[in-house]
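For reference, the structure is listed below as C-alpha coordinates.
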Amino acid sequence: MAQKKHIRTPEEKMALTEHLRELRKRIVIIVGIIFLAMIFGFVWYDLRIGVVPSLGEILRGPYCAIPPEARLQLGNDDTCRLLATGPFEQFMLRLKVGTVAGIVFASPFWLYQVWAFIAPGLYKKEKKFALLYVGIASLLFICGAVLAYFVVAKALDFLLNMGNNVQITALSGTQYFNFILALIVIFGMSFELPLLIVTLNIMGVVQYEQLKKWRRVAILCLFCFAAFVTPGGDPVSMTALALTLTVLQEIAIQICRVHDKRKKKERPAWMDADDDSASPLGTPDAVAPTALTENGEEVAASTIAAPAPLPDSQPPTQVDVHERWAWADVDIDDEEPADNGTDNAPR
(Lines give C-alpha, C1' and ligand atoms only; values in the text may rest on other atoms or scores of the structure.)
Protein backbone atom coordinates (compact mmCIF):
# COMPACT_ATOMS: atom_id res chain seq x y z
CA MET A 1 0.00 0.00 0.00
CA ALA A 2 1.42 3.36 -1.03
CA GLN A 3 2.18 5.73 1.81
CA LYS A 4 0.55 9.14 1.80
CA LYS A 5 2.82 12.11 1.29
CA HIS A 6 3.46 13.94 4.53
CA ILE A 7 2.43 17.59 4.43
CA ARG A 8 4.33 19.81 6.81
CA THR A 9 2.53 22.25 9.03
CA PRO A 10 3.89 25.66 10.12
CA GLU A 11 4.50 24.27 13.61
CA GLU A 12 6.93 21.68 12.30
CA LYS A 13 10.56 22.71 11.93
CA MET A 14 12.96 21.82 9.15
CA ALA A 15 16.68 21.57 9.53
CA LEU A 16 18.90 24.07 7.71
CA THR A 17 20.15 21.36 5.34
CA GLU A 18 16.56 20.46 4.42
CA HIS A 19 15.83 24.11 3.64
CA LEU A 20 18.92 24.34 1.44
CA ARG A 21 18.02 21.14 -0.43
CA GLU A 22 14.48 22.39 -1.01
CA LEU A 23 15.76 25.78 -2.19
CA ARG A 24 18.24 24.15 -4.59
CA LYS A 25 15.50 21.95 -5.99
CA ARG A 26 13.17 24.89 -6.63
CA ILE A 27 15.93 27.01 -8.21
CA VAL A 28 16.88 24.21 -10.61
CA ILE A 29 13.24 23.82 -11.66
CA ILE A 30 12.82 27.58 -12.14
CA VAL A 31 15.96 27.85 -14.29
CA GLY A 32 14.80 24.91 -16.42
CA ILE A 33 11.34 26.43 -16.93
CA ILE A 34 12.76 29.83 -17.91
CA PHE A 35 15.27 28.22 -20.28
CA LEU A 36 12.54 26.31 -22.12
CA ALA A 37 10.32 29.40 -22.26
CA MET A 38 13.27 31.43 -23.58
CA ILE A 39 13.75 28.95 -26.43
CA PHE A 40 10.06 29.21 -27.23
CA GLY A 41 10.23 33.03 -27.27
CA PHE A 42 13.37 32.97 -29.46
CA VAL A 43 11.62 30.77 -32.02
CA TRP A 44 8.31 32.66 -31.85
CA TYR A 45 10.09 35.98 -32.49
CA ASP A 46 10.09 35.35 -36.26
CA LEU A 47 7.49 32.57 -36.60
CA ARG A 48 3.74 32.82 -37.02
CA ILE A 49 1.71 30.18 -35.14
CA GLY A 50 -1.49 29.71 -37.10
CA VAL A 51 -3.46 32.94 -36.97
CA VAL A 52 -1.27 34.26 -34.18
CA PRO A 53 1.32 36.73 -35.52
CA SER A 54 4.95 36.44 -34.58
CA LEU A 55 6.28 38.12 -31.46
CA GLY A 56 8.30 40.56 -33.54
CA GLU A 57 5.19 41.64 -35.45
CA ILE A 58 3.26 42.18 -32.22
CA LEU A 59 5.96 44.36 -30.70
CA ARG A 60 6.54 46.17 -34.00
CA GLY A 61 2.83 47.03 -34.30
CA PRO A 62 2.90 50.46 -32.57
CA TYR A 63 5.86 51.56 -34.70
CA CYS A 64 4.22 50.45 -37.93
CA ALA A 65 1.03 52.31 -36.96
CA ILE A 66 2.90 55.58 -37.44
CA PRO A 67 2.28 57.20 -40.85
CA PRO A 68 4.96 56.20 -43.41
CA GLU A 69 6.04 59.80 -43.93
CA ALA A 70 7.04 60.07 -40.25
CA ARG A 71 9.43 57.08 -40.25
CA LEU A 72 12.26 55.88 -42.44
CA GLN A 73 11.08 53.60 -45.25
CA LEU A 74 13.75 51.22 -46.51
CA GLY A 75 13.45 49.24 -49.74
CA ASN A 76 11.07 49.52 -52.65
CA ASP A 77 8.13 47.84 -50.93
CA ASP A 78 5.99 49.27 -48.14
CA THR A 79 7.08 46.70 -45.57
CA CYS A 80 7.62 48.21 -42.11
CA ARG A 81 11.08 47.36 -40.80
CA LEU A 82 13.38 48.60 -38.10
CA LEU A 83 17.02 49.50 -38.65
CA ALA A 84 19.97 47.33 -37.58
CA THR A 85 23.33 49.10 -37.25
CA GLY A 86 25.57 46.17 -36.36
CA PRO A 87 26.20 42.56 -37.49
CA PHE A 88 25.15 41.04 -34.15
CA GLU A 89 22.36 43.48 -33.31
CA GLN A 90 19.55 41.39 -34.78
CA PHE A 91 20.67 38.22 -33.01
CA MET A 92 21.17 39.94 -29.64
CA LEU A 93 17.85 41.74 -29.97
CA ARG A 94 16.06 38.49 -30.77
CA LEU A 95 17.73 36.79 -27.81
CA LYS A 96 16.82 39.65 -25.49
CA VAL A 97 13.18 39.81 -26.56
CA GLY A 98 12.88 36.01 -26.41
CA THR A 99 14.29 35.97 -22.87
CA VAL A 100 11.92 38.67 -21.60
CA ALA A 101 8.96 37.00 -23.29
CA GLY A 102 9.94 33.62 -21.82
CA ILE A 103 10.14 35.03 -18.29
CA VAL A 104 6.73 36.70 -18.67
CA PHE A 105 4.94 33.74 -20.27
CA ALA A 106 6.44 31.22 -17.84
CA SER A 107 5.66 33.36 -14.78
CA PRO A 108 2.72 31.17 -13.61
CA PHE A 109 5.02 28.13 -13.49
CA TRP A 110 8.06 29.65 -11.77
CA LEU A 111 5.86 31.67 -9.41
CA TYR A 112 4.27 28.39 -8.37
CA GLN A 113 7.73 27.05 -7.49
CA VAL A 114 8.36 30.11 -5.33
CA TRP A 115 4.97 29.59 -3.71
CA ALA A 116 5.70 25.89 -3.10
CA PHE A 117 8.86 26.87 -1.20
CA ILE A 118 7.15 29.51 0.96
CA ALA A 119 3.72 27.93 1.55
CA PRO A 120 4.75 25.25 4.13
CA GLY A 121 5.71 28.01 6.55
CA LEU A 122 2.38 29.83 6.31
CA TYR A 123 -0.90 29.25 8.09
CA LYS A 124 -4.15 28.67 6.22
CA LYS A 125 -5.32 32.26 6.64
CA GLU A 126 -1.95 33.61 5.50
CA LYS A 127 -2.04 31.39 2.40
CA LYS A 128 -5.44 32.77 1.36
CA PHE A 129 -4.25 36.33 1.85
CA ALA A 130 -1.02 35.71 -0.09
CA LEU A 131 -2.86 34.11 -3.03
CA LEU A 132 -5.30 37.02 -3.18
CA TYR A 133 -2.45 39.53 -2.99
CA VAL A 134 -0.45 37.87 -5.78
CA GLY A 135 -3.54 37.53 -7.98
CA ILE A 136 -4.48 41.21 -7.69
CA ALA A 137 -0.86 42.30 -8.22
CA SER A 138 -0.59 40.21 -11.39
CA LEU A 139 -3.87 41.58 -12.75
CA LEU A 140 -2.79 45.17 -12.12
CA PHE A 141 0.58 44.61 -13.80
CA ILE A 142 -1.10 43.11 -16.90
CA CYS A 143 -3.50 46.07 -17.11
CA GLY A 144 -0.58 48.48 -16.95
CA ALA A 145 1.35 46.60 -19.63
CA VAL A 146 -1.68 46.58 -21.97
CA LEU A 147 -2.20 50.32 -21.50
CA ALA A 148 1.48 50.96 -22.23
CA TYR A 149 1.26 48.98 -25.48
CA PHE A 150 -1.52 51.22 -26.77
CA VAL A 151 0.13 54.40 -25.50
CA VAL A 152 3.39 53.65 -27.35
CA ALA A 153 1.86 54.34 -30.77
CA LYS A 154 0.56 57.77 -29.70
CA ALA A 155 3.82 58.62 -27.95
CA LEU A 156 5.93 57.71 -30.97
CA ASP A 157 3.58 59.56 -33.30
CA PHE A 158 4.08 62.71 -31.22
CA LEU A 159 7.86 62.31 -30.92
CA LEU A 160 8.60 61.39 -34.55
CA ASN A 161 6.38 64.09 -36.06
CA MET A 162 8.18 66.95 -34.33
CA GLY A 163 10.19 68.66 -37.07
CA ASN A 164 9.51 65.98 -39.69
CA ASN A 165 9.74 68.64 -42.40
CA VAL A 166 13.45 68.98 -41.68
CA GLN A 167 14.50 65.46 -40.72
CA ILE A 168 13.22 61.92 -40.51
CA THR A 169 13.83 59.47 -37.67
CA ALA A 170 15.40 56.09 -38.32
CA LEU A 171 14.87 53.93 -35.23
CA SER A 172 17.03 50.89 -34.71
CA GLY A 173 15.51 47.73 -33.34
CA THR A 174 17.46 48.01 -30.08
CA GLN A 175 16.35 51.58 -29.46
CA TYR A 176 12.72 50.83 -30.21
CA PHE A 177 12.44 47.62 -28.19
CA ASN A 178 14.27 49.16 -25.23
CA PHE A 179 11.79 52.01 -25.32
CA ILE A 180 8.68 49.85 -25.49
CA LEU A 181 9.89 47.32 -22.90
CA ALA A 182 10.83 50.10 -20.47
CA LEU A 183 7.42 51.69 -20.93
CA ILE A 184 5.62 48.38 -20.33
CA VAL A 185 7.60 47.66 -17.15
CA ILE A 186 7.11 51.21 -15.81
CA PHE A 187 3.35 51.17 -16.44
CA GLY A 188 3.01 47.69 -14.96
CA MET A 189 4.94 48.50 -11.79
CA SER A 190 3.17 51.85 -11.37
CA PHE A 191 -0.20 50.12 -11.43
CA GLU A 192 0.73 48.43 -8.13
CA LEU A 193 0.21 51.77 -6.35
CA PRO A 194 -3.42 51.15 -5.24
CA LEU A 195 -2.48 47.72 -3.88
CA LEU A 196 0.33 49.31 -1.86
CA ILE A 197 -2.02 51.96 -0.43
CA VAL A 198 -4.67 49.42 0.58
CA THR A 199 -2.04 47.15 2.14
CA LEU A 200 -0.65 50.00 4.27
CA ASN A 201 -4.19 50.86 5.35
CA ILE A 202 -4.92 47.28 6.40
CA MET A 203 -1.67 47.20 8.38
CA GLY A 204 -2.70 50.41 10.17
CA VAL A 205 0.16 52.54 8.80
CA VAL A 206 -2.09 55.09 7.07
CA GLN A 207 -5.73 56.00 7.67
CA TYR A 208 -8.44 57.29 5.35
CA GLU A 209 -8.42 60.74 6.97
CA GLN A 210 -4.70 61.07 6.28
CA LEU A 211 -5.11 59.99 2.65
CA LYS A 212 -7.99 62.43 2.22
CA LYS A 213 -5.85 65.23 3.63
CA TRP A 214 -2.90 64.37 1.37
CA ARG A 215 -4.94 63.86 -1.81
CA ARG A 216 -3.93 67.07 -3.63
CA VAL A 217 -0.27 66.73 -2.76
CA ALA A 218 -0.35 63.08 -3.87
CA ILE A 219 -1.81 64.03 -7.26
CA LEU A 220 0.96 66.56 -7.79
CA CYS A 221 3.55 63.93 -6.84
CA LEU A 222 2.00 61.46 -9.29
CA PHE A 223 2.37 63.91 -12.20
CA CYS A 224 5.98 64.60 -11.21
CA PHE A 225 6.63 60.87 -10.95
CA ALA A 226 5.11 60.24 -14.39
CA ALA A 227 7.21 63.00 -15.96
CA PHE A 228 10.37 61.57 -14.40
CA VAL A 229 9.95 57.84 -15.16
CA THR A 230 8.50 57.85 -18.69
CA PRO A 231 11.44 57.02 -20.99
CA GLY A 232 10.44 59.24 -23.91
CA GLY A 233 9.55 62.32 -21.89
CA ASP A 234 6.59 62.93 -24.20
CA PRO A 235 3.40 64.50 -22.82
CA VAL A 236 1.21 61.69 -24.16
CA SER A 237 2.68 58.84 -22.12
CA MET A 238 3.27 61.12 -19.14
CA THR A 239 -0.34 62.33 -19.06
CA ALA A 240 -1.75 58.84 -19.65
CA LEU A 241 0.29 57.41 -16.78
CA ALA A 242 -0.45 60.29 -14.39
CA LEU A 243 -4.22 60.33 -15.04
CA THR A 244 -4.48 56.57 -14.71
CA LEU A 245 -2.54 56.56 -11.45
CA THR A 246 -4.78 59.36 -10.14
CA VAL A 247 -7.89 57.30 -10.84
CA LEU A 248 -6.35 54.20 -9.26
CA GLN A 249 -5.31 56.21 -6.22
CA GLU A 250 -8.86 57.49 -5.76
CA ILE A 251 -10.23 53.96 -5.99
CA ALA A 252 -7.72 52.86 -3.33
CA ILE A 253 -8.70 55.78 -1.07
CA GLN A 254 -12.38 54.84 -1.27
CA ILE A 255 -11.52 51.23 -0.42
CA CYS A 256 -9.63 52.52 2.62
CA ARG A 257 -12.65 54.61 3.61
CA VAL A 258 -14.89 51.55 3.58
CA HIS A 259 -12.30 49.50 5.49
CA ASP A 260 -11.84 52.14 8.20
CA LYS A 261 -15.60 52.56 8.58
CA ARG A 262 -16.13 48.85 9.07
CA LYS A 263 -13.13 48.62 11.40
CA LYS A 264 -14.51 51.45 13.53
CA LYS A 265 -17.83 49.64 13.98
CA GLU A 266 -16.05 46.50 15.15
CA ARG A 267 -13.82 48.43 17.57
CA PRO A 268 -15.14 48.51 21.19
CA ALA A 269 -15.91 51.95 22.65
CA TRP A 270 -13.60 51.55 25.66
CA MET A 271 -10.53 51.40 23.40
CA ASP A 272 -11.15 55.01 22.33
CA ALA A 273 -11.37 56.33 25.93
CA ASP A 274 -8.75 58.72 27.24
CA ASP A 275 -6.00 57.14 29.33
CA ASP A 276 -6.56 59.67 32.14
CA SER A 277 -10.34 59.25 32.32
CA ALA A 278 -11.81 56.93 34.95
CA SER A 279 -14.36 54.34 34.07
CA PRO A 280 -17.82 54.87 35.65
CA LEU A 281 -18.53 52.55 38.58
CA GLY A 282 -22.01 51.86 39.87
CA THR A 283 -23.11 51.42 43.50
CA PRO A 284 -21.94 48.05 44.81
CA ASP A 285 -24.60 45.47 45.55
CA ALA A 286 -25.36 44.24 49.03
CA VAL A 287 -23.20 41.38 50.25
CA ALA A 288 -24.72 38.40 52.03
CA PRO A 289 -21.85 36.55 53.72
CA THR A 290 -22.11 32.99 54.93
CA ALA A 291 -20.78 31.37 58.08
CA LEU A 292 -19.71 27.82 58.80
CA THR A 293 -20.83 25.79 61.81
CA GLU A 294 -18.65 23.31 63.65
CA ASN A 295 -20.00 20.56 61.40
CA GLY A 296 -18.96 22.50 58.29
CA GLU A 297 -22.51 23.47 57.29
CA GLU A 298 -23.10 26.88 55.74
CA VAL A 299 -25.41 29.22 57.64
CA ALA A 300 -26.63 32.40 56.01
CA ALA A 301 -25.71 35.42 58.06
CA SER A 302 -27.46 38.71 58.18
CA THR A 303 -27.34 40.73 55.02
CA ILE A 304 -24.86 43.58 55.01
CA ALA A 305 -26.47 46.57 53.41
CA ALA A 306 -24.61 48.56 50.81
CA PRO A 307 -23.27 51.90 52.00
CA ALA A 308 -25.70 54.71 51.33
CA PRO A 309 -24.26 57.54 49.24
CA LEU A 310 -24.02 60.93 50.88
CA PRO A 311 -26.43 63.60 49.68
CA ASP A 312 -24.95 66.37 47.60
CA SER A 313 -25.96 68.99 50.18
CA GLN A 314 -24.17 67.27 53.08
CA PRO A 315 -20.41 67.85 53.09
CA PRO A 316 -18.15 65.04 54.24
CA THR A 317 -17.41 64.97 57.96
CA GLN A 318 -14.04 66.43 58.89
CA VAL A 319 -12.11 64.81 61.74
CA ASP A 320 -10.06 66.98 64.07
CA VAL A 321 -6.62 65.46 64.10
CA HIS A 322 -5.81 67.24 67.37
CA GLU A 323 -8.67 65.57 69.26
CA ARG A 324 -7.35 63.11 71.83
CA TRP A 325 -9.11 59.99 73.01
CA ALA A 326 -9.63 59.31 76.72
CA TRP A 327 -7.59 56.14 76.73
CA ALA A 328 -4.65 57.98 75.25
CA ASP A 329 -4.16 59.85 78.55
CA VAL A 330 -3.80 56.70 80.66
CA ASP A 331 -0.38 56.15 82.17
CA ILE A 332 0.77 52.62 81.49
CA ASP A 333 2.81 52.62 84.75
CA ASP A 334 -0.24 53.52 86.81
CA GLU A 335 -0.94 50.76 89.39
CA GLU A 336 -4.65 51.49 89.38
CA PRO A 337 -6.24 49.40 86.65
CA ALA A 338 -8.56 51.02 84.23
CA ASP A 339 -12.25 50.75 84.94
CA ASN A 340 -13.47 48.64 82.08
CA GLY A 341 -16.56 47.27 83.79
CA THR A 342 -14.97 43.96 84.86
CA ASP A 343 -14.22 42.56 88.30
CA ASN A 344 -10.50 43.09 88.96
CA ALA A 345 -10.50 41.71 92.52
CA PRO A 346 -7.80 39.13 93.19
CA ARG A 347 -8.91 35.54 93.26
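Miscellaneous remarks
- With all pairs of separate Cα atoms included, region 182-251 yields a Kirkwood hydrodynamic radius of 12.6 Å.
- Subset of LYS213/LYS263; LYS127/LYS213; LYS124/LYS212; LYS128/LYS265; LYS128/LYS263 violating a 31 Å alpha-carbon distance limit: LYS127/LYS213; LYS124/LYS212
- Extension gain from PHE40 to HIS259, taking 0.36 nm per residue of separation minus the Cα-Cα distance: 74.4 nm
- Per residue solvent-accessible surface (Å²) - region 125-228, probe of 1.4 Å: 61 Å²
- Other-chain or far-sequence residues with amide H under 5 Å of THR230's (modelled H): none
- The tail of the calculated P(r) for region 72-145, taken as Cα-Cα distances beyond 20 Å, holds 57 percent of the pairs.
- Share of carbon and sulfur in the accessible heavy-atom surface of region 43-177 [1.4 Å probe, %]: 68 percent
- Residue-wise HN-Hα coupling along region 24-32, computed from phi with Karplus coefficients 6.51, -1.76, 1.60 (Hz; x: Gly, Pro): 4, 4, 5, 5, 4, 5, 5, 4, x
- Kirkwood-type radius of region 39-183, with distances r between different C-alpha atoms, in Å: 17.9 Å
The values are calculated or read from the model by the stated rules, or taken from the named source; none is laboratory data. Please read all numbers here as calculations on a predicted model, not as lab measurements. For the accessible areas, the whole protein counts, side chains as well, though only heavy atoms, and no ligand, DNA or RNA atoms are used. Shrake-Rupley method; radii C 1.70, N 1.55, O 1.52, S 1.80 Å.
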